[in-house]
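One structure below.
Where a number appears in this text, it was derived from the coordinates with a stated rule and is not lab data. This one's a predicted model, so the numbers in the text were calculated from it and none came from an experiment. Backbone-built Cβ (ideal geometry, glycine too); neighbour counts: all protein chains shown.
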Amino acid sequence: MESSPQVKLAPSILSADFARLGEQVVEATKAGADYIHVDVMDGHFVPQITIGAPVVAAVRKWTDLPLDVHLMIEAPEQQISQFVDAGADIITVHIEVCPHIHQVVKAIKELGVKAGVSLNPETPVAAVSEILPSLDLALVMTVNPGYGGQSFIESMLDKIARLRAELDEKGLAAELEVDGGINAQIAPRVVKAGARVLVAGAAVFGSGQTVDEALKKLRAGLL
Ligand code: DX5
Ligand code: ZN
């Protein structure tokens, strides 16, 4: 039998209780999360304004896990160094706002952190083909970015599979991350399609269970 692939879980603090953010990050860390996913929104690229670099710096004090910072902002190149200084380990920008993506990825890497590029649901895989060899992470949005707690878009399964095939065919090591509407039912399906890092917000912090129970449930479906 084929062995199950190694899958990382990245709880998104967007659905955490911000009044006790430090505790929630500690809970996720103790529960065996692999990354802490931080959703940065600017009120332009997406409607909400959420988290900035000072909050990333605060989260940094509560965990040794890699901070996976997802920038849903326009002109991300102007903000990268602030997030690196705050303690980000992975910085992901959206291809839709980066006409000069090679320069942005280079700038991220020169600051000593990992570089990711994200695609909105309607952005084709081909939009990132040329940059894939330079990436540490490729993020397929499985909802339209902007809010936690939305429903997974089913047609993204095929997109994940096509990106997986392209990475494998070219022998590229970028981690394939998915973000939006991931829960214990959907997790095994996105992994089967080729995802290797699963972001989950509402399923971890907004589910009425403890963070530990929620992460166990997500993992259980993958075995
Ligand atoms: C959506 C964000 C996600 C969000 C996912 O715009 O990028 O990271 O927190 O939340 P859930 O898992 O609730 O869809
Ligand atoms: Zn995200």
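Here is the tail figure for the chain: Cα pairs spaced more than 32 Å apart come to 10 percent of all pairs. When exposed loop sites are taken as GluC sites (Glu not before Pro) in a DSSP loop with at most 12 other Cβ atoms within 10 Å, the longest stretch of the chain clear of them is 3-121. Rounded to whole numbers, the Karplus 3J(HN,Hα) couplings from phi for region 39-45 are 9, 9, 10, 10, x, 10, 5 Hz, using 6.51 cos²θ - 1.76 cosθ + 1.60 with θ = phi - 60°, and x at Gly and Pro.
Other residues lying with their Cβ under 15 Å from the Cβ of A184 contribute a combined charge of +3, Lys and Arg counting +1, Asp and Glu -1.
Measuring r between the beta carbons of K106 and Q185 and using R0 = 30 Å, the FRET efficiency lands at 0.15. Picking from I73, F18, I186, whose Cα lies most toward the positive end of the charge dipole for the chain (charges on Cβ: Lys, Arg +1; Asp, Glu -1)? After comparing all options, I get I186.
Taking θ as phi - 60° and the Karplus parameters 6.51, -1.76 and 1.60, the scalar couplings of region 12-22 work out to 8, 6, 4, 9, 6, 7, 5, 6, 9, 4, x Hz in sequence order, x denoting glycine and proline.
Using the Cβ-Cβ distance between E23 and S81 with R0 set to 41 Å, the FRET efficiency from 1/(1 + (r/R0)^6) comes to roughly 0.90. For the residues V211, V69, V46, a GNM of the chain with alpha-carbon springs under 10 Å puts the largest fluctuation on V46.
Across region 62-67, coupling constants 3J(HN,Hα) worked out from phi with the 6.51/-1.76/1.60 Karplus curve, θ = phi - 60°, read 9, 8, 9, 5, x, 8 Hz, and Gly and Pro carry x. Label-to-label distance for R162 and S129 is 1.0 nm, based on points extended 7 Å past Cα in the beta-carbon direction. Springs between Cα atoms under 10 Å define the GNM used for the chain, and in it the highest mean-square fluctuation of Q150, Q24, Q103 occurs at Q103.
Placing unit charges on each Cβ (+1 for Lys and Arg, -1 for Asp and Glu) gives the chain a dipole about its Cα centre, and among I153, L218, I91 the Cα reaching farthest toward its positive end belongs to L218. Scaled against 2.2 N^0.38 Å for its residue count N, the alpha carbon radius of gyration of region 111-218 is 1.08.
Among beta bridges identified by DSSP and lying wholly in the chain, the antiparallel ones come to about 5 percent. What separates the Cα centres of region 182-223 and region 1-59 is a distance of 13 Å. Given +1 at the Cβ of Lys and Arg, -1 at the Cβ of Asp and Glu and no other charges, the dipole of region 33-164 around its Cα centre is 160 debye to the nearest 20. If only the Cβ of Lys and Arg carry +1 and only the Cβ of Asp and Glu carry -1, the dipole of the chain around its Cα centre is close to 460 debye. In a reduced charge model with +1 at each Lys and Arg Cβ and -1 at each Asp and Glu Cβ, region 1-102 shows a dipole moment near 260 debye about its Cα centre.
Please report the net charge: other residues with Cβ closer than 14 Å to the Cβ of D158, K and R +1, D and E -1. Its environment carries a net charge of +2.
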